[in-house]
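Here the structure is laid out as structure tokens; the discussion comes afterwards.
Every number in this text was worked out from the coordinates using simple rules, so none of it is lab data. Nothing here was measured: the structure is a model prediction, and the numbers come from that model. Cβ placement follows ideal geometry from the backbone for every residue including glycine, while neighbour counts extend to all protein chains displayed.
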Amino acid sequence: MDQIDIVLLCLLISLTIVKAWSVRPMASLLLIPYLIWVMYAASLNAGIWLPYR
């Protein structure tokens with residue numbers, strides 16, 4: 001269930017980046033490291049969760 005939440009979070013961050021680009025491009029650029037961090041945390045979470053499933 002946590003993986004679904006993380007995927008949904010990544011999708012929503014991506015959507016925010018796309019939608020905010022037309023309003024304020026710098027804000028979109030500043031969200032990219034956050035998206036990368038969430039993806040990295042998701043991979044760590046999956047790496048720990050999958051072997052013990």
| query | How high is the FRET efficiency from A20 to S43, r the C-beta distance, R0 25 Å, rounded to 0.05? | reply | 0.50
| query | Per the Cauchy relation, a quarter of the hull surface: what is the mean projected area of the convex hull of the alpha carbons in the chain, in nm²? | reply | 3.4 nm²
| Can you work out ³J(HN,Hα) from phi for every residue in the stretch 12-29, in order, using Karplus 6.51 cos²θ - 1.76 cosθ + 1.60 and θ = phi - 60°, giving whole Hz and x for Gly and Pro? | 5, 5, 4, 5, 4, 4, 5, 5, 7, 4, 6, 8, 8, x, 5, 5, 5, 5
| Zone residues, the stretch 1-41, relative to Y52, backbone N less than 20 Å from point 7 Å out along Cα-to-Cβ | 1-7, 40-41
